[in-house]
Amino acid sequence: MVCKEFEGNVDVFFVDAYLHSETQASKIYDSDMESNTARIVVVDRFENYALKAKQQLLYRMLDASRNYPWFVICVSSREDCMSLLEKRVRSRLSNLRIRFSYNISKDSYLEGSLQLLSIFNQKDTKWDRHIKKLLDSSKVQSELENLSQITSGFESLRKVVVMYAHYVSKLDDIGDHAVCESLFLKCIRLIYRADEMDPILEGLNLRELCLLNCLIRLTNRERKMDCSFKKIVTEYISFANQYDNMMKVENTILYKDLNELCNSGILVLDSSSLQGHLEFRKVRLGVERLEVQRSFECLNPLPTNVRHWLEEK
């Protein structure tokens, strides 16, 4: 809409971070860079440039919008896209954000399940009959409908399908419908844990939620799935020192909180690290990141300093 409104009056450049390399993208907008010509630069799927070392291209584009009459629009379909950006890149972004969400119908979700499961077809009709019978199950349909209401897209569904395909491949016979149905339902519940996780998340205090957010920040920064207790505690201390001294507590309390989060299933402990000291135990998040974000939003009032920390990520 913005581009159409100014078409003819302003130069509009479209960059697709998935299709264009950084070198190609630079050529698109580098021309006549020193002039004061007004232009709009649309960077689609910009998270792909965020995964590059030092994020130089994104920084240059956004920095140019401060020095020239440029309007840079960054577009992404990832919920965690902002957390991928380095601090210096985020500092060049404005606070103006437009967020679109959509509702997926039950039929669309079932069709998506069918298409994803069909990817693992071994070119035999037995698998086709298996997934058709599986998706005809009222229990499976009910759980998939719950999953579609909790998540905003097909990301969680893809996780369910990949997990199911992995475990069902180990079965001797996929003809046992009851076993396969039970396995698929377990995969769904492992991903979103609607019945048991929501009340637990709602019952977490602010410090525990901040510890979860510290883990999210660390895994984004280090591009890893898991992280040690020690690193999470260090990240929390840094947050408290910088944003809110009232949140400071003794390290032993933080380690106890992390242990409780493991016991509740919100954090998943790496079994290989059980033998070492407590501070070197490694954990990964056992719930959707979006659910942690929503839990913060349910806190009323949320301290201003904590809100600034969340927005800064």
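The values are calculated or read from the model by the stated rules, or taken from the named source; none is laboratory data. Just so it is clear, the structure is predicted and the values come from calculations on it, not from any experiment. Please note: Cβ atoms are built from the backbone with ideal geometry, for glycine as well, and neighbour counts cover all protein chains shown.
Can you confirm whether Arg158 is in contact with a helix residue (DSSP H, G or I) (Cβ under 9 Å, 6 or more places away or on another chain) and modelled with pLDDT of 80 or more? Taking the combined requirement at face value, the residue satisfies it.
Does Val292 fit the bill of being under 24 Å from Lys87 (Cβ atoms), outside any loop (DSSP other than H, G, I, E, B) and over 17 Å from the mean Cα position of the chain (by Cα)? Break it down into steps so the answer makes sense when it comes.
Values: under 24 Å from Lys87 (Cβ atoms): yes; outside any loop (DSSP other than H, G, I, E, B): yes; over 17 Å from the mean Cα position of the chain (by Cα): no.
The answer is no for Val292.
What residue, of Leu185, Leu209, Leu201, is modelled with pLDDT of 80 or more, closer than 25 Å to Glu311 by Cα and either among the aliphatic types (A, V, I, L, M) or assigned to a helix (DSSP H, G or I) (or both)? Answer to the selection: Leu209. Here the stretch 57-91 is the region considered, the condition is being of a type in the set (Phe, Trp, Tyr) and surrounded by fewer than 21 Cβ atoms within 10 Å (Cβ to Cβ), and the residue that is farthest from Trp309 (Cα to Cα) is Tyr68. Scoring Arg217 on the criteria (1) over 20 Å from Glu86 (Cβ atoms); (2) in contact (Cβ under 8 Å) with a residue 24 or more places away in the chain leaves a single failure, condition (1).
Filter the stretch 296-307 for residues that are modelled with pLDDT of 85 or more and part of a helix (DSSP H, G or I) and give the result.
Scanning the stretch 296-307 gives Phe296, Thr304, Asn305, Val306, Arg307.
The set of residues in the stretch 226-264 that are buried (at least 16 other Cβ atoms within 10 Å of the Cβ) and among the basic types (Lys, Arg) comprises Lys230, Lys231. If you filter the stretch 44-56 down to residues that are in contact with an Asp or Glu (Cβ under 8 Å, 6 or more places away or on another chain) and not in a helix (DSSP H, G or I), you find that the one that is surrounded by the most Cβ atoms within 10 Å (Cβ to Cβ) is Arg45. Taking each residue of the stretch 56-67 that is within 12 Å of Arg90 (Cβ to Cβ) and assigned by TED's automatic domain parsing to the domain that holds Leu85 and looking for partners that are among the polar types (S, T, N, Q) and surrounded by fewer than 18 Cβ atoms within 10 Å (Cβ to Cβ) with beta-carbon atoms closer than 9 Å, six or more apart or interchain, yields Leu62/Ser91.
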